[in-house]
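J.: Take this structure, written in structure tokens, and hold onto it; I'll ask about it next.
The values are calculated or read from the model by the stated rules, or taken from the named source; none is laboratory data. Keep in mind that this is a model prediction, so the values were computed, not measured. Every residue, glycine among them, receives a Cβ derived from its backbone with ideal geometry; neighbour counts consider all protein chains shown.
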Amino acid sequence: MQQQPILAAVDLGSNSFRLQVARVENDQLYMLDSLREPVRLAAGLGADRRLDKEAQQRALACLERFGERLRGLPREAVRAVGTNSLRVAKNAAEFLKQAEAALGFPIEVIAGREEARLIYLGVAHGLPQQGTTRMVMDIGGGSTEFIIGQGLEPLKLESLFMGCVSYSQRYFPDGKFTKANLKQAELAARSELQTIRFEFSRDHWEQALGSSGTARVLCDILELNGYSDGGITRSGLEQLRSDLFKAGDVGQLDLQGLKPDRIPVLPGGFAIMYAAFCELGIEQMQPALGALREGVLYDLLGRFHRNDMREVTVRQFMRRYHVDAHQAERVAQLAEQLACQFLEGQPVEAELQLLNWVARLHEIGISVAHSGYHKHSAYILKNADMPGFSKKEQDRLSMLALLHRGRLNKIGSLSYTAEDLALVMALRLAALFCRNRGDINIPAMQGRFSGTKFHLVLPEGWLSQNPLTDTALQDEAKQWKEQGVSIQVLED
């Protein structure tokens, strides 16, 4: 992948949408420009978990403005990620089509733990690289991430389903502060925190850091109003809590450091922060400079320097599931050769990379059971935490693994493109030709693909010398024909 001089990250958060543009200089990032808009996507999630029209329109208008700033940048230089609201919204797929059109770039919805990993990456790059064990907490609009790490390496990752927008709507719908509703919000947050209390308690880290808007706003409020001499403190939160009760209404608050756009989400954010201090034994927390968008940029930079987290994950999965590495490499090489021929004349780098990964992982399901192992492989690839991969990428890996062998009747229920069809064919043929799992001489072959027609040309006489493979290819042709796709095998 060719290095890009300018990189950009778009964070479609549940509270705010953010754009960060950076310049690459000597393998370092220098931030050039940033934009933020309080879209409050989570506020548009109804009881049916569908994004309402108003929230969608706010989001699309914002993305159109971001798109103007990004205009002219190549696709590989921009990465846009969606978080909790887009993870849970039932109509997310429909909305994302419009959102990608407005932005002009693809949007990836990332899993909670992947969000946590990227947050830590962004935070860690803004800190001295020393041996201190840090706990990072990031209160977003719909979820809150917790990470323990050292240096640039995250050691523990968690994402909890609680955020400043969702909690403010649920427990403080009218903006009123009472002991009853604050107690409800705090108890709900503490209940969520119980699941991570042991691993993230004070005994497991030396320094606590707060990432993103809620932590920075609370820090500003505590320091500017004399509640704290530095950072967010337990005693400072106690004093602020008392003053919130006295005010009784968010709209009546007169606090230095509280920006107007943060007022509606302050109650929920405060409840979550206070609950975390109580449950995890935090006494002091410093605000962090980096956040998700910086993490996305550094992760994107790593992809240009062959330091792609997705490659690390693939290698880890191969070890974890005891993959036959030699067989995986045989299949990967032949599949890539065929895919290059089927996709001739098209930009295929990203497609070939995805194919390489699934070829190396297509047999992980054997660790569960050999019978129907491709179904187990597909399930793992779709549902496992895979650092570096978006949900869309995992879905494609899962689809390719599912279709690499067996009947093709399930293909009709899946959403796929012509490129996907070419990758499926390449992977199926590679697995078929490498079936004996030995270092045999694979015949020279030439493939072509046009719409729904595949042609495969083999050396003269090869099929008669390999009747088992010949029979398998005939069966393959019959299966594809049932799906309206033809495959013609010829000898030259």
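J.: How many residues does the range 89-127 hold that are of a type in the set (A, V, I, L, M, F, W, C) and in contact (Cβ under 8 Å) with a residue 60 or more places away in the chain?
T.: The number of residues fulfilling the criteria is 13.
J.: Which one of GLN346, GLN353 is of a type outside the set (Ser, Thr, Tyr), assigned to a helix (DSSP H, G or I) and either more than 18 Å from ALA378 (Cα to Cα) or out of contact with any Pro (no Cβ under 7 Å at 6 or more places or on another chain) (or both)?
T.: After ruling out the rest, the residue left standing is GLN353.
J.: Is there a residue in the range 357-371 that is closer than 25 Å to MET309 by Cβ, within 25 Å of the chain's Cα centre (by Cα) and surrounded by fewer than 17 Cβ atoms within 10 Å (Cβ to Cβ)?
T.: Taking every residue of the range 357-371 in turn, none turns out to be closer than 25 Å to MET309 by Cβ, within 25 Å of the chain's Cα centre (by Cα) and surrounded by fewer than 17 Cβ atoms within 10 Å (Cβ to Cβ).
J.: Going through the range 278-300 one residue at a time, which ones are in contact with a strand residue (DSSP E or B) (Cβ under 8 Å, 6 or more places away or on another chain), of a type outside the set (D, E, K, R) and closer than 13 Å to ARG234 by Cα?
T.: LEU280, ILE282, GLN284, MET285, GLN286
J.: Kindly provide the set of residues from the range 315-343 that are part of a helix (DSSP H, G or I) and under 19 Å from ASP420 (Cβ atoms), ordered by number.
T.: Across the range 315-343, the qualifying residues are VAL331, ALA332, LEU334, ALA335, GLU336, GLN337, LEU338, ALA339, CYS340, GLN341, PHE342.
J.: Can you name the condition, by its number, that LEU222 falls short on among (1) in contact with a helix residue (DSSP H, G or I) (Cβ under 7 Å, 6 or more places away or on another chain); (2) at pLDDT 90 or above; (3) of a type outside the set (Phe, Trp, Tyr); (4) under 30 Å from LEU29 (Cβ atoms)?
T.: Failed condition: (4).
J.: Can you name the residue in the range 191-224 that is among the charged types (D, E, K, R) and farther than 24 Å from GLY13 by Cβ and, of all such residues, is surrounded by the most Cβ atoms within 10 Å (Cβ to Cβ)?
T.: GLU223
J.: With respect to ARG315, is the statement that it is buried (at least 18 other Cβ atoms within 10 Å of the Cβ), within 24 Å of ARG113 (Cβ to Cβ), among the basic types (Lys, Arg) and outside the structural domain of VAL10 (by TED's automatic domain parsing) true?
T.: Values: buried (at least 18 other Cβ atoms within 10 Å of the Cβ): no; within 24 Å of ARG113 (Cβ to Cβ): yes; among the basic types (Lys, Arg): yes; outside the structural domain of VAL10 (by TED's automatic domain parsing): yes.
No.
J.: Also, I was wondering about something else. Would you check which residues across the range 1-30 are free of Cβ contacts under 8 Å to residues at least 40 places away in the same chain, touching a strand residue (DSSP E or B) at 6+ places or on another chain (Cβ under 6 Å) and of a type outside the set (Ser, Thr, Tyr) and list them?
T.: Across the range 1-30, the qualifying residues are PRO5, ARG23.
J.: Let me ask another. Within the range 375-484, considering only helices (runs of 4 or more DSSP H) that don't extend past its boundaries, which have at least 1 residues that are free of Cβ contacts under 8 Å to residues at least 12 places away in the same chain and either loosely packed, with under 15 Cβ neighbours inside 10 Å or within 29 Å of the chain's Cα centre (by Cα) (or both)?
T.: Answer list for the range 375-484: 462-465, 467-482.
J.: Would you mind telling me which numbered condition in (1) buried (at least 22 other Cβ atoms within 10 Å of the Cβ); (2) under 14 Å from ALA288 (Cβ atoms); (3) assigned by TED's automatic domain parsing to the domain that holds ALA189 THR132 fails?
T.: Against the list (1) buried (at least 22 other Cβ atoms within 10 Å of the Cβ); (2) under 14 Å from ALA288 (Cβ atoms); (3) assigned by TED's automatic domain parsing to the domain that holds ALA189, THR132 comes up short only on (1).
J.: Those residues that are surrounded by 20 or more Cβ atoms within 10 Å (Cβ to Cβ) and in contact (Cβ under 8 Å) with a residue 40 or more places away in the chain, I need them from the range 227-243; list them, please.
T.: ILE232, THR233, LEU237
J.: Scan the range 138-163 for residues that are under 16 Å from SER14 (Cα atoms), part of a strand (DSSP E or B) and among the hydrophobic types (A, V, I, L, M, F, W, C) and jot them down.
T.: Passing the criteria: ILE139, LEU160.
J.: Any residue at all in the range 32-47 that's surrounded by 13 or more Cβ atoms within 10 Å (Cβ to Cβ), closer than 16 Å to ALA9 by Cβ and out of contact with any strand residue (DSSP E or B) (no Cβ under 6 Å at 6 or more places or on another chain)?
T.: No, the range 32-47 has no match at all.
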